[in-house]
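Student: Have a look at this one.
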Amino acid sequence: MPSDHWILVVEPSESDRLLIEFAVEGVCPRIPIVFVSEFHEFIPSISKHGSMPTLVILDWPADGDAPVSCLDTLARLGFLPRLPVIVVAREKLGVAIAQTGGLGVQRFVSKQPDDHCFREKLGEAIADCVPQLPEQAVA
């Protein structure tokens, strides 16, 4: 049976996955995290889980159309307005912001200048995006 709440993360880097896990644990430790490495795994992961995630965290690569295509698909299906999305990027965060245009991404977090700052900023973004979680999910 699928959990009521879960977080889907598209992140290929193992070290960044660990930082994301620490940030999630600091805000909502009881919510399971599903990691995928590539954008082509995004929609199948949702289908496999059987429900929409509570939050999506997307690593934005320096180049490529996969993230835009993924968000566009969710927007066309009508899911994006109801799905909190945080985009993270090590480089070219401005490009990510420009590419997402009016697609409804709520937050952007830079992985710079260091891992500690990234983890702290991501924790704040997660808290902003999922404040409506029930007490049992966050305590």
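The values are calculated or read from the model by the stated rules, or taken from the named source; none is laboratory data. Note that the structure is predicted; figures quoted are calculated from it, not measured. So basically every Cβ, Gly included, is an ideal-geometry build from the backbone, and we count neighbours across all protein chains shown.
Student: Among the residues of the stretch 117-139, which ones are β-branched (Val, Ile, Thr) and either assigned to a helix (DSSP H, G or I) or at pLDDT below 80 (or both)?
Tutor: Result: 126, 138.
Student: Pairs needed: first member in the stretch 79-103, among the basic types (Lys, Arg); second member anywhere, modelled with pLDDT of 85 or more and part of a strand (DSSP E or B); C-beta distance under 9 Å; at least 6 residues apart or different chains.
Tutor: Short answer, once both residue conditions are applied: 90/59; 90/110.
Student: When you go through (1) more than 20 Å from residue 4 (Cβ to Cβ); (2) touching a Cys at 6+ places or on another chain (Cβ under 6 Å); (3) among the hydrophobic types (A, V, I, L, M, F, W, C) one by one for residue 58, which number turns out not to apply?
Tutor: Checking residue 58 against (1) more than 20 Å from residue 4 (Cβ to Cβ); (2) touching a Cys at 6+ places or on another chain (Cβ under 6 Å); (3) among the hydrophobic types (A, V, I, L, M, F, W, C), the one that fails is (2).
Student: Name the pairs: first residue in the stretch 107-126 and touching a residue at least 24 places away in the same chain (Cβ under 8 Å) and under 18 Å from residue 94 (Cα atoms), second residue among the basic types (Lys, Arg) and not in a helix (DSSP H, G or I), Cβ to Cβ under 8 Å, at least 6 apart or on different chains?
Tutor: 111/90; 118/111; 125/107
Student: What is the residue count in the stretch 1-48 for residues that are free of Cβ contacts under 8 Å to residues at least 60 places away in the same chain, buried (at least 16 other Cβ atoms within 10 Å of the Cβ), assigned to a helix (DSSP H, G or I) and of a type in the set (A, V, I, L, M)?
Tutor: Residues that pass the stated criteria total 1.
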